[in-house]
Amino acid sequence: MRWNMTGTGLSRTGISVHTRSLKFILFFLFAGFTILSYAAELDCPVGDAVMADLGNGVIMHTCMWEKAANVTVRTGPLELIKNGVLILKLTTDSNGKLHGQFTSWNDVGEMTENGNYLKGLKEGIWTVTNKNGDSETLHYRAGVIVEP
């Protein structure tokens with residue numbers, strides 16, 4: 001199975017599919033897909049493991065699931081690797097919403113953000129590190145910062 005990104009969404013064998021999950025990923029990356037192919041090393045709870053070269057040295061490993069006819073969801077784990085350095089690792093539920101562990105790193109591999117999502121909203125303790133290396137701990141409940 002081969003997937004390609006088009007101007008209107010994801011296409012497989014000539015069928016165009018719009019997906020919010022892919023738009024989310026594109027928002028994060030400010031880049032478009034050039035090619036998607038199998039990425040067998042990724043453990044997908046549902047769907048197929050794929051790899052996408054996003055350009056500028058960024059490779060995405062993720063899972064694509066044809067949930068229903070003409071409805072494709074990016075689901076499960078996602079990893080972004082830039083020039084050999086892991087820069088983003090997250091998971092989503094079967095509807096493509098962020099759910100579970102989320103970690104991002106800068107281009108040299110230093111963690112910049114770490115926490116959990118619950119049904120698309122930040123939940124619990126998050127650690128955020130700025131460009132100067134200063135870290136702060138934030139507490140979230142249903143996506144809103146709360147006092148510990």
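At-a-glance table
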item: Neighbourhood net charge (13 Å Cβ-Cβ; Lys/Arg +1, Asp/Glu -1) for Gly115; result: 0
item: Karplus-derived HN-Hα couplings along the stretch 78-87 (A = 6.51, B = -1.76, C = 1.60, θ = phi - 60°), whole Hz, x at Gly and Pro; result: 9, 10, 10, 10, 10, 6, x, 10, 5, 10
item: Calculated FRET value between Thr112 and Val46, using beta carbons and R₀ = 35 Å, to 0.05; result: 0.75
item: Theoretical FRET efficiency, 1/(1+(r/R0)^6), r = Cβ-Cβ of Thr127 and Ser94, R0 22 Å, to 0.05; result: 0.20
item: Length added when fully stretched, Leu138-Asn83, from 0.36 nm per residue minus Cα-Cα; result: 16.8 nm
item: Charge dipole magnitude, Cβ of K and R +1, D and E -1 - the stretch 62-148, Cα centre, debye nearest 20; result: 340
item: Under-5 Å amide H pairs with Glu113, H placed in peptide plane, nonlocal only; result: Ser104, Thr129
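Only the coordinates and a few stated rules stand behind these numbers; no lab work does. Quick caveat, the model's predicted, so the values are computed rather than measured. Glycine also receives a Cβ, built like all others from the backbone with ideal geometry; neighbour counts cover every protein chain displayed.
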